[in-house]
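Colleague: One structure follows; several queries about it will come next.
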Amino acid sequence: MTSNDEYVLEILLEHGMVTSEQVEAIQATIVHDDESVVDALIEAEQLSELDALTLLGEQFGMEVVKLRDLDISPKVRDSVTVETARRYSIIPIYKVDGTLTVAMFDPMNIEVLDSLRFALKSQVEGVLALREEIDVALDKYYAGEASMESMLDQITDGTVDVSVTGRDDVLQDSGDSSDTDAPIIKLVSLIILEAYRQRASDIHLEPLEKRFRVRYRIDGVLHEVDSPPKRLQAAIISRVKIMASMKISEKRVPQDGRIQVNILGRELDLRVSTVPANHGESIVMRILDKQNLALGLANLGFMADDQQTFENLIKLPDGIILVTGPTGSGKTTTLYACLNYVNRSDRKIITVEDPVEYQMSGINQVQVRSDIGLTFSAALRSILRQAPNIVMIGEIRDRETANIATEAALTGHLVFSTLHTNDAPSAVTRLLDIGVKPFLVASSIRAIMAQRLVRCICDDCREEYMPHSTDLEVLGRLGEQFQGKTLTRGRGCPKCQLTGYTGRKGLFEMFLINDEIQKMIFDKSSSAALRTKGRENGMRTLREDGVRKILSGMTTVDEVLRVTMGDE
């Protein structure tokens with residue numbers, strides 16, 4: 001366990017963790033002089049390694065960590081080469097203000113830290129971890145070619161051609177590729193695997209003038225990661241296009257495709273989009289986790305009262321329920337959660353989507369294909385003859401689609417759809433602007449819900465603090481609710497990669513249509529007037545809902561300010 005067995009035994013005996021009789025008995029079984037008595041005690045289950053490590057940590061002022069609970073970022077991991085990590089049996093776990101913290105199992109081997117300080121030319125501090133966990137972490141983070149650096153070492157400076165055919169598993173070489181192709185296949189696999197490990201929702205492969213940039217969108221924020229050299233750009237793009245069943249030779253027009261992968265036993269879909277740019281094709285891969293299909297309404301971030309209201313709305317037999325917000329605000333996830341909630345054997349549900357993001361069992365999903373004339377409006381006209389109870393339209397984009405949706409709602413169908421507007425009342429104005437008659441809008445819509453996504457405070461490093469008055473002035477009148485109250489924020493830890501946030505949940509603005517609102521819509525009232533009336537009727541704005549979630553400890557003031565506009 002340690003480099004100084006006798007000293008460790010002395011500490012263990014002093015604290016009563018082992019007895020002299022146990023030590024003498026175990027020494028009698030040791031054949032070689034260089035064998036560790038402490039290791040023998042642990043192997044004989046007369047001593048707990050964790051208890052011993054904790055005691056030694058207290059003696060040497062070193063924290064004990066559980067590596068299996070940590071998610072180490074590629075940037076931190078790659079700060080130590082695979083050779084160095086395996087030679088010293090250490091795992092780098094995080095880096096703050098230029099100081100690298102590494103996990104080791106021997107607190108007495110101070111030469112390791114001195115050697116690392118010299119090799120890395122930076123300050124290095126140590127924490128303790130079980131030897132078994134370090135071995136597992138070495139295999140996990142430094143297994144074979146599982147680092148950008150070691151993979152790139154295999155790739156020559158010459159041109160790399162990709163000639164793989166078929167759609168072999170992204171994480172395994174099917175054997176169909178040549179030795180020249182193998183490093184590129186592994187490199188693309190690593191990019192996807194690391195994105196999954198870091199909980200990314202999107203992978204961005206962006207050709208720039210002098211480099212090839214790779215970025216992950218994590219909790220709605222883009223993070224740049226270690227990128228491959230520019231010379232591999234064409235090979236990587238070709239590999240992704242092969243996996244997505246795209247035309248490799250076509251580089252002049254955008255293309256769309258899908259990749260199905262199995263990562264660590266988890267089924268994922270990757271929706272791939274390519275767009276020609278100045279310095280090559282830009283690729284975005286949207287990671288769709290099928291396990292998110294089981295997402296319940298409670299997991300979206302509703303407070304109890306809003307959830308009850310929304311559940312009552314989606315139980316209605318007819319009418320339109322609209323979800324609004326900008327791209328990336330979680331509208332599609334909310335619609336799928338609604339469908340999952342109402343999906344029963346006695347109901348026929350049909351969706352019209354562009355594209356179909358998730359495939360849901362028990363639901364008829366129609367993929368829009370404008371190239372053959374299967375538009376939203378054309379698909380809607382056909383599916384209404386299928387006698388559905390519930391219809392989901394991916395997005396209302398034009399007057400024809402909006403008119404069919406309102407007519408469907410008025411003839412006994414429950415319709416879910418989305419619009420791109422900044423707040424809920426503006427959706428009414430948007431429908432009127434694209435040509436829907438006011439009486440159709442007034443009589444068909446049951447409710448409109450605007451939403452945004454905010455990052456949630458990390459549970460592992462949350463801490464309480466007293467907000468400063470200047471921090472709350474930007475909230476205006478809403479800031480008065482925080483006076484004298486303790487708020488919560490994330491301090492930053494390895495699990496959240498020092499951001500203080502893990503995961504996202506929604507802020508909601510629910511605009512319910514009653515008789516008064518219907519009359520105002522029929523009279524073509526402005527969105528400002530509708531907003532005022534909605535607030536008189538109890539509608540909470542996005543920022544007001546955000547304030548409730550700040551007080552509940554879900555998110556922070558900075559996050560709410562980032563995604564919401566000020567309330568008039």
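Colleague: Could you order peptides 353-365, 550-562 by the average number of other Cβ atoms within 10 Å of their residues, highest first?
Modeller: Numbers: 353-365: 15.4, 550-562: 19.3.
So the peptides 353-365, 550-562, ranked by packing, come out 550-562, 353-365.
Colleague: Just to be sure I understand, if you calculate semi-axes √(5λ) of the Cα gyration tensor in Å for this structure, which of (i) 60, 25, 21; (ii) 43, 30, 24; (iii) 52, 32, 21 do you get?
Modeller: Read-out taken from this structure: (iii).
Colleague: I would also like to ask the following. Principal axis lengths of region 366-468 from Cα atoms, whole Å, largest first?
Modeller: Per principal axis, max minus min of the Cα coordinates gives 58, 30, 27 Å.
Colleague: Continuing with this model, one more query. Report Rg/Rh for region 251-375, rounded to two decimals, where Rg is the Cα radius of gyration and Rh the Kirkwood radius.
Modeller: We get a ratio of 1.01 for region 251-375.
Colleague: Let me ask you something else. Region 208-282 to region 498-568: how many Å between their Cα centroids?
Modeller: Distance between centres, Cα-based: 36 Å.
Colleague: Let me ask something else. Roughly how many Å² is the accessible area per residue of the chain, as a whole number, for a 1.4 Å probe?
Modeller: Spelled out: the 1.4 Å probe surface of the chain, per residue, equals 47 Å².
Colleague: Would you please give the FRET efficiency between ASP135 and THR19, computed as 1/(1 + (r/R0)^6) with r the Cβ-Cβ distance and R0 = 30 Å, to the nearest 0.05? List each step's numbers first, then the result.
Modeller: Details: r = 30 Å, r/R0 = 0.98.
After rounding, the FRET efficiency stands at 0.50.
Colleague: Under a Cβ-Cβ limit of 4.7 Å, which cysteines in the chain have nobody to pair with?
Modeller: CYS338, CYS456 - these cysteines have no disulfide-compatible partner (Cβ-Cβ under 4.7 Å) in the chain.
Colleague: Consider a paramagnetic label point 7 Å from the Cα of ARG199 along Cα→Cβ; state which residues of region 493-522 have an amide N under 20 Å from it.
Modeller: 493-508
Colleague: Run the accessible area of region 190-291 with a 1.4 Å probe and give the carbon-and-sulfur part as a rounded percent.
Modeller: 48
Colleague: Assuming 0.36 nm per residue, please report the length gained on full extension of the stretch ILE434 to ASN364 beyond their Cα-Cα distance.
Modeller: Length difference between fully extended and current span is 22.4 nm.
Colleague: Please report the accessible area of LEU193 (heavy atoms, 1.4 Å probe, ligands and nucleic acids excluded) in Å², nearest 10.
Modeller: Accessible surface of LEU193 is approximately 30 Å².
Colleague: Then there is this: Please report, in Å, the Rg and the Dmax of region 314-434, where both are computed over Cα atoms only.
Modeller: 13.4, 38
Colleague: A follow-up question, please. Could you tell me the calculated FRET efficiency between LYS75 and GLU125, based on Cβ-Cβ distance and R0 = 22 angstrom, to the nearest 0.05?
Modeller: For LYS75 and GLU125, the calculated efficiency is 0.80.
Colleague: Using a simple charge model, +1 on the beta-carbon of Lys and Arg, -1 on the beta-carbon of Asp and Glu, nothing else, what dipole does region 210-271 show about its Cα centre, in debye to the nearest 20?
Modeller: 440
Colleague: So what is the 222 nm mean residue ellipticity for the chain from helices alone, if each DSSP H run of at least 4 adds -39500 (n - 2.57) and you divide by all residues, rounding to the nearest 500 deg cm²/dmol?
Modeller: That calculation yields -10000 deg cm²/dmol at 222 nm.
Colleague: Within region 179-254, which GluC sites (Glu not before Pro) sit in a loop by DSSP and count at most 10 neighbouring Cβ atoms inside 10 Å?
Modeller: GLU209
Colleague: Calculate the spin-label point distance for LEU410 paired with ASP398, positioning each point 7 Å from the Cα along the beta-carbon direction, and give it in nanometres.
Modeller: 2.1
Colleague: Considering only protein heavy atoms and a 1.4 Å probe, what is the carbon-and-sulfur percentage of the accessible area of region 443-546?
Modeller: Answer for region 443-546 is 45 percent, counting heavy atoms of protein chains only.
Colleague: Ranked highest first by average number of other Cβ atoms within 10 Å, how do 420-430, 404-414 line up?
Modeller: Result, highest mean first: 420-430, 404-414.
Colleague: What's the extension gain from GLU464 to ASP226 if we count 0.36 nm per residue and subtract their Cα-Cα distance?
Modeller: Gain in length upon complete extension: 82.3 nm.
Colleague: Name the GluC sites (Glu not before Pro) in region 14-83 that are in a loop by DSSP and that have at most 11 other C-beta atoms within 10 Å, would you?
Modeller: Within region 14-83, the qualifying GluC sites (Glu not before Pro) (loop, at most 11 other Cβ atoms within 10 Å) are GLU45.
Colleague: Quick one: if you stick a label point 7 Å off each Cα along the C-beta vector at LEU208 and ARG562, how many nm between them?
Modeller: For LEU208 paired with ARG562, the spin-label model returns 2.1 nm.
The values are calculated or read from the model by the stated rules, or taken from the named source; none is laboratory data. Keep in mind the model is a prediction, meaning the values are calculated, not measured. Neighbour counts run over all protein chains shown; Cβ positions are idealised from the backbone, glycine included. In case anyone asks, the SASA skips ligands and DNA or RNA and just uses the protein heavy atoms, side chains included. Shrake-Rupley method; radii C 1.70, N 1.55, O 1.52, S 1.80 Å.
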